[in-house]
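Here the structure is laid out as structure tokens; the discussion comes afterwards.
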Ligand SMILES: Nc1nc2c(ncn2[C@@H]2O[C@H](COP(=O)(O)OP(=O)(O)OP(=O)(O)O)[C@@H](O)[C@H]2O)c(=O)[nH]1
Ligand SMILES: [Mg+2]
């Protein structure tokens, strides 16, 4: 069996620590401060029991809106990600990593970017809430906060309340409980509904969808300029780039 996961969230929320929780050992480097660009991803592959796990650890939006300068780099990163996802056969599960403080507009934007734009609402999404080692019972966070999550229109198929900080307390400790909580999310998915689509169509949808976060600002490349950027930055040939633009316009009708 195998499971393909996109793990996403803002920089520093604890994504790498969550990868290590799932793996049960250090496979991802935990970083105090690394700059990331929206949709930049790093792939991890390892086995958990008899399941082959592939995780794309992916940077989300840092703010509810995206600046003009972030638009083309995000398209470039999206292109790399979807090519890899297609090689792997598609996506089974989205894991949305947030820090256990307030749910914000950025949380909502990231939900929309990954659940709606990247995966067309076709992939189940589960929330992983980190930084909960101070809770007496980590699940209490959920009881207190699930209403504000619903208020932002975030629907999820499951959740895990965790800490990414090892405590060496074995099964009694919160780290072990965190591990169990996440692995049980993974076990609910059997790899039968893997989501994928032709890469050109997929990219076209993402390019359009990213506009939700830039608004119609001056400076967002369109038409010929966008085509040029796709050739230069994503390495597409001119025809493929043109086709993507056409797909985007077709969908407008
Ligand atoms: N207190 C606490 N610290 C955590 C937790 N998870 C991660 N950290 C710390 O937060 C920092 C960032 O953790 P990472 O796992 O590297 O976060 P990330 O989302 O992968 O960060 P980037 O890769 O930079 O986007 C590190 O110093 C971690 O040790 C947690 O649950 N509780
Ligand atoms: Mg990381």
TODO: Can you pull the one-decimal nm distance between simple spin-label points at residue 216 and residue 169, each 7 Å off the Cα toward Cβ?
DONE: 5.5
Open item on the list: As a test of the formula, what do you get for the chain when each DSSP H run with n ≥ 4 contributes -39,500 (n - 2.57) and the sum is divided by the residue count, at 222 nm and rounded to the nearest 500 deg cm²/dmol?
Closed with: -13000 deg cm²/dmol
TODO: Set the Förster distance to 25 Å, then compute FRET efficiency between residue 137 and residue 52 from the Cβ-Cβ distance, nearest 0.05.
DONE: 0.15
TODO: Arrange 56, 79 by Cβ neighbour counts within 10 Å, fewest through most, would you?
DONE: 56, 79
TODO: Provide the gained length on full extension for the span residue 43 to residue 188, in nm with one decimal, where the gain is 0.36 nm per separating residue minus the Cα-Cα distance.
DONE: 50.0 nm
Task: Where labels lie 7 Å past Cα in the beta-carbon direction, separation of residue 155 and residue 27 in nm - done: 3.1
Task: Where labels lie 7 Å past Cα in the beta-carbon direction, separation of residue 232 and residue 146 in nm - done: 5.0
Task: Considering only the chain, percent of DSSP beta bridges that pair antiparallel, nearest 5 - done: 30
TODO: Subtract the Cα-Cα distance of residue 116 and residue 87 from 0.36 nm times their separation in residues, and report this length gain in nm to one decimal.
DONE: 8.3 nm
Task: Sorted by Cβ neighbour density within 10 Å, fewest at the top, the residues 185, 93 - done: 185, 93
TODO: List 165, 98, 154, 244 from most exposed to least, where exposure is judged by having the fewest other Cβ atoms within 10 Å.
DONE: 165, 154, 244, 98
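Readers should treat all values here as calculations from the given coordinates under stated rules, not as data from a laboratory. In this text, all values refer to a predicted model and were calculated from it rather than measured experimentally. Glycine also receives a Cβ, built like all others from the backbone with ideal geometry; neighbour counts cover every protein chain displayed.
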